[in-house]
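Some notes on the structure that comes next.
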Amino acid sequence: MDAKSAVELMESSNEVHFSGFHMDGFEQRKDSIEQPTTSESDMYKQPFVIGVAGGAASGKTAVCDMIIQQLHDQRVVLVNQDSFYHSLSEEELTRVQDFNFDHPDAFDTEQLLCVMDKLKHGEAVDIPKYDFKTYKSDVLRRVNPSDVIILEGILAFHDPRVRELMNMKIFVDTDADVRLARRIRRDTNEKSRDIGAVLDQYSKFVKPAFDDFILPTKKYADIIIPRGGDNHVAIDLIVQHIRTKLGQHDLCKIYPNLYVIQSTFQIRGMHTLIRDSQTTKHDFIFYSDRLIRLVVEHGLGHLPFTEKQVVTPTGSVYTGVDFCKRLCGVSVIRSGESMENALRACCKGIKIGKILIHREGDNGQQLIYEKLPNDISDRHVLLLDPILGTGNSAVQAISLLIRKGVPESNIIFLNLISAPKGVHVVCKSFPRIKIVTSEIEIGLNEDFRVIPGMGEFGDRYFGTDDDDEQTVVSSQ
C-alpha cells in the first residue's frame, strides 16, 4: 500500500487497522480542521493540537519524540501534563509518600487550560517546570506558539474541556507487565528508589488510578498505538496525516511563488542563535551569514540555466548546465547590505545596486535613494532584504525595479524571515515574482515588528547599538 492510499483509507473509514494501529471516529472532527485558509484575516492559523495519553511508562514520551523528529521542518512544542502538578504544601510534604500523583486532582487543570488556550490563539506562554525533588513549580520556561502542539500526559483525555482542544487524540496502549517492568527500571536507576517502594506505590496508587481514570479515557482516542515507540508503521502514518492537514494551511500552497527552504535541526539551531537577544555580535554575524548563504544558494537555483557539455580531465563528456550570465543583486539599505557578501561569494564579480527607503511607522515609506546598473532591465535581479514584515518597503522596491524595465518574473526576493502579512501583500501585488525565505514568522505586533523575529537586524549585524552605547558613555 503506498502512502497516498494509506492516508485516503485512514480518512474514509470509521475504524482502520494497520499493524495493530487503529483509528476510531476521526471523521467527527474532519470539517473543523480540513478547510483551506486563503484570506489575509486567517493568516494566524490555529495550530494542530495532538493529545497523547496512556499509562505511566507506556511509551508516550517515545511516541512524542518520534513525531517531533519526523516533523523537524515544522514548529512543534511539547507540553507535558506533569508540568501542571499542584505544588505541595508544607503539611503535604511531611506525608508525600501518601500523595497520589496519578489522581486527576493532583493536576492544576485550570492552569493547563489557560496555557493551551493562549498557545492556540498565537500567544507566547510561561509553562512551569515541576521539580519532583521539592514537589514545587518554582521555575518557568517560555514557550512560543507553534504549528503543532503536543500535549502529553497520563490523564490528557480525562477532562472534556482539554479533549475539546485537540485535533487528534492518541492513546499509547502497552501491556501492564511491560509498563511495570519499565517503571521499576526507571525508578530504581534514575530516582534511586528501592524496588519494594516502587512496587508499593504501584499497587497502592498507579494500578488503581490506571484502572479507574486512565484506561476509561481510551474510548476517546482517535488513534490507539500498541507497543508505543516500537510501532513505527503507526507513527509514520500519523505524521503523514498531520503533514496533510498542515499543508492545507501552508502559505506555499496558497502562493506557488513562495519558497521556504527545507528546514533541518541545523537550520533551526542557527535560527535559535540569531534570535537569542543574548547572542554576541560575533556569533550573530557568523550564523546570520551561514543562513544568508543558504537562502542565496536556494535563490540561485530558481534562475534559468542552459545545457552545457564539457570535457573532463579523463577525456569524458559531461552534460551539465551553464549559469545565468545576466544577473545582478539589489540590496535594500541598510539591512540588505548584510546579504551582499554571501551573494558575491556565490557569484563572482556580480553587480550590486542599492535602494534606500525611508521607513516611518507602517505606511510612511518614501524612496530616498537608488543606484542601479544601467542595463538592469536586461538582467535577472536578486532583491536582498533579510526581513519581510508589512511588505510595504518590498512593494516600493519592487515597483521601482519594474519602473526601470525589469520584468516582474525576473525578480527573486531573498530574505531570512517573512511575516504572513508581508507575504500576502507582496504575492498579491506581484504574483509573478519569487520569494525565497528560510522561515515564516507568527505575525506582526502592534508596532508592526515581526514576531518572534530577531530585533533590528541591521543594528545587530552592523553593531550600531553598541556604537550608540559607546557614544553615550564617552559623552558622559
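The values are calculated or read from the model by the stated rules, or taken from the named source; none is laboratory data. Since this is a predicted model, take the numbers as computed values, not measurements. Here the Cβ positions follow ideal geometry from the backbone for every residue, glycine too, while neighbour counts run over all protein chains shown.
Note on the stretch 66-109: residues that are among the aromatic types (Phe, Trp, Tyr) and either assigned to a helix (DSSP H, G or I) or in contact with a Pro (Cβ under 9 Å, 6 or more places away or on another chain) (or both) total 2. Filter the stretch 239-284 down to the residues that are more than 30 Å from Asn410 (Cα to Cα), in contact (Cβ under 8 Å) with a residue 24 or more places away in the chain and exposed (fewer than 13 other Cβ atoms within 10 Å of the Cβ) and list them by number. Matches in the stretch 239-284: Phe265, Ser277. Selection of the stretch 132-147 for residues being loosely packed, with under 12 Cβ neighbours inside 10 Å and in a loop (DSSP other than H, G, I, E, B) yields Phe132, Lys133, Thr134.
The residues of the stretch 109-123 that are among the hydrophobic types (A, V, I, L, M, F, W, C) and either on the phi > 0 side of the Ramachandran plot or surrounded by 15 or more Cβ atoms within 10 Å (Cβ to Cβ) (or both), listed by number, are Leu112, Leu113, Val115, Met116, Leu119. Filter the stretch 148-169 down to the residues that are in a loop (DSSP other than H, G, I, E, B) and surrounded by fewer than 19 Cβ atoms within 10 Å (Cβ to Cβ) and list them by number. Selection gives Asp159, Glu164, Leu165.
Of all the strands (runs of 3 or more DSSP E) wholly in the stretch 362-476, which have at least 3 residues that are closer than 22 Å to Gly301 by Cα and either touching a strand residue (DSSP E or B) at 6+ places or on another chain (Cβ under 8 Å) or at pLDDT 90 or above (or both)?
On the way: elements: 366-371, 380-384, 411-414, 434-437.
Ranges flagged: 380-384, 411-414, 434-437.
Name the single residue that is modelled with the highest pLDDT among those in the stretch 52-94 being of a type outside the set (A, V, I, L, M, F, W, C) and closer than 27 Å to Ile261 by Cα. For the stretch 52-94, the residue satisfying everything is Asp65.
Name the residues in the stretch 306-332 that are in a loop (DSSP other than H, G, I, E, B) and β-branched (Val, Ile, Thr), would you? Please lay out each step first, then the result.
As a first pass, look at the stretch 306-332 and keep what is in a loop (DSSP other than H, G, I, E, B): 312-316, 323-326.
The answer is Thr312, Thr314.
If you go through the stretch 170-192 and keep only what is in a loop (DSSP other than H, G, I, E, B) and over 27 Å from Val239 (Cα atoms), you end up with Lys191, Ser192. Flag set for Asp126, criterion: exposed (fewer than 15 other Cβ atoms within 10 Å of the Cβ), free of Cβ contacts under 8 Å to residues at least 60 places away in the same chain, under 22 Å from the mean Cα position of the chain (by Cα) and not assigned by TED's automatic domain parsing to the domain that holds Ser263. In the set Leu384, Leu444, only one residue is of a type in the set (A, V, I, L, M), more than 18 Å from Val332 (Cα to Cα), surrounded by 18 or more Cβ atoms within 10 Å (Cβ to Cβ) and under 25 Å from the mean Cα position of the chain (by Cα); that residue is Leu444. Restricted to the stretch 205-229, and to residues there that are assigned to a helix (DSSP H, G or I) and at pLDDT below 90, the residue that is nearest to Val162 (Cα to Cα) is Gly228.
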